[in-house]
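Here is the structure we will look at, set down as structure tokens.
The values are calculated or read from the model by the stated rules, or taken from the named source; none is laboratory data. For clarity, every value in this text was computed on a predicted model and none was experimentally measured. Cβ atoms come from the backbone with ideal geometry, glycine included; neighbour counts cover every protein chain shown. Just the protein is used for accessible areas: all its heavy atoms, side chains included, with ligands, DNA and RNA removed. Shrake-Rupley method; radii C 1.70, N 1.55, O 1.52, S 1.80 Å.
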Amino acid sequence: MTTGSGTAPAPPEATPPAEASAAARPAAEPPATPSPPAVRRGSYRRLSVEARRAELLTAALDLFAHRAPEDVSLDDVASAAGASRPLVYRYFPGGKQQLYEAALGSAADELERCFEEPRSGPLSARLSRVLDRYLGFVDEHDAGFSALLQSGSVAETSRTNAIVDEVRRAAAEEILLHLAVKEPGARLRMMVRTWITAVEAASLIWLDEEKRPSLEELRDWLVDQFVAMLTATAATDPQTARVMKAAVRMEPAEGTVGRLARRVVPALGEASHLL
């Protein structure tokens, strides 16, 4: 078709191919900011010899607390401590037996500290605080405590037995100090050692009975046992009788010993014909 002048209009100007291709592409994104290089975290922590050994002992004690010694391997200890088996051997070249004895010694130290108590105030209150700590340890280290005192473990040796006996001896000595006796006679010493044995036996039975009764009830019952044993021994031993009189004078009427006396007197009502 022609215009009035007889000339055809010029066709639209074609876009050069290179420009058309560029226009069809989306706008380029700005270059990404480079990320800072990742910081490598080493799995091995530099610790002093004492700190590393303590870390291994803590891991071992936690494992021995909840499993019998024969059920714990060095690999278990290494894994729990975030260490390697060779590292465990470096600190305990005697292997698991040496590690078990070291962990047992650490637990024994903790048990001995349970019996340390300021020697002031009523005796029954002091015994209650001692038992709270002791039974708390039993509760926390249940399986290990059972394996330790029931014997029969493949890890048991004369050295492990000596460690356990030392705890019993130290506990008895602490109780005698609370009784303010410098040179206890045979009967008083035997009575205290028998009570320590009773505490151990009751703890094991408590674990076997699925931790029943409550810790508080068990504690109070064991304090009552001490008072009853002291009373029975005082009936035939003058030294124990003096110790008991001094201890009772410090007890408040509404305290543990007072409550025990009020429960026992009615229970013995039927025994009046024996007097």
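For Glu209, Glu55, write out the residues from largest to smallest accessible area, computed with a 1.4 angstrom probe and no ligands counted.
Per-residue accessible area, sorted high to low, gives Glu209, Glu55.
Using the Cα gyration tensor of region 108-192, with a ≥ b ≥ c the square roots of its eigenvalues, what is the shape: rounded (a/c below 1.5), prolate (a/b larger than b/c) or oblate (neither)?
In terms of gyration-tensor shape, oblate.
Putting +1 on Lys and Arg Cβ atoms and -1 on Asp and Glu Cβ atoms, find which of Thr160, Met190, Val138 reaches farthest to the positive end of the dipole of region 127-214.
Met190
If you count, for each residue, the other Cβ atoms within 10 Å and average over each peptide, how do 217-225, 90-98 line up from highest to lowest?
Highest mean packing first, the order is 217-225, 90-98.
Reported to two decimal places, what Rg/Rh ratio describes region 177-245 when computed on Cα atoms with Rh from the Kirkwood expression?
That ratio is 1.05, to two decimals.
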